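Here is the structure we will look at, set down as structure tokens.
Just so you know, all these numbers are worked out from the coordinates, no wet-lab data involved. Note that the coordinates shown come from a computational prediction; the quantities given were computed from them, not determined experimentally. Positions of Cβ are backbone-derived with ideal geometry, glycine not excepted, and every protein chain shown enters the neighbour counts.
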Amino acid sequence: MQKQRKQLIAWLFKVTQHIYTTYFKTNTPWNIKKEQLLEYSPSTFGYHLGLFLDSNGFELIPKVERHDAYHVITGYNSNEEDEIALQYLCYGNGKRSIYLFGVITIGTIILPEYWKYYLKSYRIGKSANMFYNLDYKRLLNTSISTLRGSIFVNLNY
């Protein structure tokens, strides 16, 4: 039963992602491919972003590149429960969007067994320095450990 619920979440992400990026996002796309990111020094955020994309078979999604940056900064995976938990973490950090509220609401209803994980993620976001609104494209050449350390100062992250 859980497998089917996770498949439903994955399908909802796939369908709503296109609608959200087409009709609601106005950000300028980065126009960067993962191969370019993998050319950065191995200690940089850009390189780690490239690794994340490569290991998951992804490319950056135009206008929402920041989302994959959140995965790299936080260490959250791309499975369904981590996608929902990541939105809780961002909510705790101060991010507000219709998409975020939708993911939190629908994700919690469909996968309620992860409630403790979601709450822990919210608390991590609340404790962290604000990161949801950083200009990650300008930080591609920054050390990944320095970046994480400046965001999760009091957490062993």
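Helical content of the chain, expressed as a calculated mean residue ellipticity at 222 nm, amounts to -19000 deg cm²/dmol (DSSP H runs of 4 or more residues, -39,500 (n - 2.57) each, divided by residue number, nearest 500). A straight line joining the Cα centroids of the stretch 10-51 and the stretch 77-102 runs 16 Å. Packing-based ranking of 45-54, 84-93 yields 84-93, 45-54, ordered from highest to lowest mean Cβ neighbour count within 10 Å.
Using R₀ = 22 Å, calculate the FRET efficiency as 1/(1 + (r/R₀)^6) where r is the Cβ-Cβ separation of GLN2 and ASN77; round to 0.05.
0.85
Working note: Karplus 6.51/-1.76/1.60 with θ = phi - 60° gives the stretch 8-22 the couplings 5, 4, 4, 5, 4, 4, 4, 5, 6, 4, 5, 4, 5, 6, 6 Hz, where Gly and Pro are set to x. Shown for MET1, MET130: other C-beta atoms within 10 Å of each C-beta, ranked fewest to most, produce the order MET1, MET130. Taking the longest Cα principal axis of the chain as reference, the axis of helix 80-93 is set at about 70 degrees.
Among the listed pairs LYS63/LYS120; LYS25/LYS126; LYS95/LYS120; LYS3/LYS34; LYS34/LYS137, a Cα-Cα separation exceeding 18 Å is found for LYS63/LYS120; LYS25/LYS126; LYS3/LYS34. Sorted from longest to shortest, the spans of the Cα atoms of the chain along the three principal axes equal 43, 36, 27 Å. The order of the peptides 65-76, 135-146 by mean Cβ neighbours within 10 Å, most packed first, is 65-76, 135-146.
Build a GNM of the chain with springs between Cα atoms under 10 Å: which of GLU83, GLU39, GLU59 gets the top mean-square fluctuation? In the Gaussian network model the winner is GLU39. Of the residues PRO29, LEU8, PHE52, the one whose Cα sits farthest towards the positive end of the charge dipole of the chain is LEU8 (charges of +1 on Lys and Arg Cβ, -1 on Asp and Glu Cβ, taken about the Cα centre).
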